[in-house]
1. Please give the length that would be gained between residue 510 and residue 491 if that part of the chain were fully extended, namely 0.36 nm times their separation in residues minus their C-alpha to C-alpha distance (nm, one decimal).
2. Could you rank the peptides 447-454, 127-134 by their average count of other C-beta atoms within 10 Å per residue, with the highest value first?
3. Looking at the chain only, what percent of DSSP beta bridges run antiparallel? Nearest 5 please.
4. Kindly state, as a whole number, the per residue volume in cubic angstrom of the convex hull around the alpha carbon atoms of the chain.
5. Tell me, what does the Kirkwood hydrodynamic radius of the stretch 377-519 come to in angstroms if you use every pair of distinct C-alpha atoms?
6. Calculate, axis by axis, the spread of Cα positions in the stretch 324-419 along the three principal axes, and write the results as whole Å, longest axis first.
7. On a 0 to 90 degree scale, rounded to 10, what angle separates helix 11-79 from the longest Cα axis of the chain?
8. Residue 357 versus residue 59, label points 7 Å from Cα toward the beta carbon: distance in nm?
Ligand SMILES: Nc1nc2c(ncn2[C@@H]2O[C@H](COP(=O)(O)OP(=O)(O)OP(=O)(O)O)[C@@H](O)[C@H]2O)c(=O)[nH]1
């Protein structure tokens, strides 16, 4: 389990994981911020479109109301001298009603509120006392008015636009007024209702008391708007835009503007949901545009991660084979292209060098006799096996100092050591590069002669023996050696037997009285 875990946690994978996390987070973050910005923009745009539209409709309605009042004013001007002429009054009422679509009905009243003429005549108002709120207000105020919405005597929800009639002497004679039936086909509906029903958008009109004067849902006209989170702000301001939740709990983006002459507010609003529909397309485009770059960044980081981890992995692999003599060169060839890996490479290289020096020293120590510097028995054995494996002929001289015990006893152990060293020096003089001098016992030595015949080896043994006997050893003087000689002649005899015969030859030399050489059998 642990190994699996550590195998997975490779540097390039870690960098990749980091890069992947960073890339995904960046992508998500950029997507999210883009989404928020686009959403904000769509909302702002929609509100400002609605606001502009509400403003335009408020202007149009204001123009219509002014025109209506001008029509009434023009008429009132002509009526100032004709109040007694019932036929003229009836004609004038009809003209106002039918010449334009401004009013649902027209009424001309005298100064006491008695109807003098009305159109359409089917209303049956002529000769009757007007009692509605609009008429009473007109009689009391005696000025041009647009009434608040109210329910008329014949049960119509209406607003009443009126202008006073004065005689040329400025006596108040009554008023001429037009009604707009809010719940029946009317001019307001024509102005407001035709245009704006795409995507669930709609328009409504409220007065300052939140009474709905126009709404696409007929049933709501005349009711008080409730549970609308933005209406207080809408009524308090002259013009603006707001995000709100309407009475049916739908989130809306509203623009609004006030009609100056009535203080009615026209609200145009669109559902948030449909306003944000383009967002899906926009975000798809954002993804399509961002994704290639994101992927390119990711691939680049992936390749970069590999390039970073590659020299480290190579160094780690080489560090497993530090005992390989070629490892230094192999490490040297690794392309450590950045500072940390280069420092690591240098550190490993100096470690390898130190290790190899130490290994070399250890090998030397393991192969060498510390007193004389000659090779030891192990090294000799290894070399012999090597030569046998190669099939290289060789001869062996087994050299033993005679009566060495006496040397120690007479001159001391230290002098004995010096003799041993000097003996090795002499034997080294008989040894070529391919040969070997080994100390195989206390005062026993072997001279290995590579590719030397038995006869030549015996001749060397004789010369060696003579040289030793002629040598003056410090403190000790003269010593002699006995030598057994044998050869391995490429599988003619196994190595073991050759060694045995050399030993026997040495014993033979000792038995012969020492200071002589004997050829093994
Ligand atoms: N100084 C010294 N003496 C050693 C060392 N190794 C072995 N010896 C001595 O070598 C002597 C060998 O004695 P023996 O085996 O009796 O052989 P020898 O006296 O040479 O007699 P032969 O070989 O029969 O001629 C012993 O006294 C050992 O203590 C060494 O490293 N230094």
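1. On the way: separation 19, 0.36 × 19 = 6.84 nm, distance 2.84 nm.
My answer for the length gained is 4.0 nm.
2. Details: 447-454: 18.9, 127-134: 16.5.
Going by the mean number of other Cβ atoms within 10 Å, highest first, we get 447-454, 127-134.
3. Values: 68 of 72 bridges.
Roughly 95 percent of the DSSP beta bridges within the chain come out antiparallel.
4. On the way: hull volume 135.3 nm³, N = 521.
For the chain, the hull spanned by Cα atoms encloses 260 Å³ per residue.
5. Numbers: mean 1/r = 0.0659 Å⁻¹.
Value: 15.2 Å, from the Cα pair sum.
6. 70, 39, 12
7. 10
8. 9.5
Read-outs: derived from the displayed coordinates by stated rules, not from any lab. Remember, predicted model here, so these are calculated numbers, not experimental data. Glycine also receives a Cβ, built like all others from the backbone with ideal geometry; neighbour counts cover every protein chain displayed.
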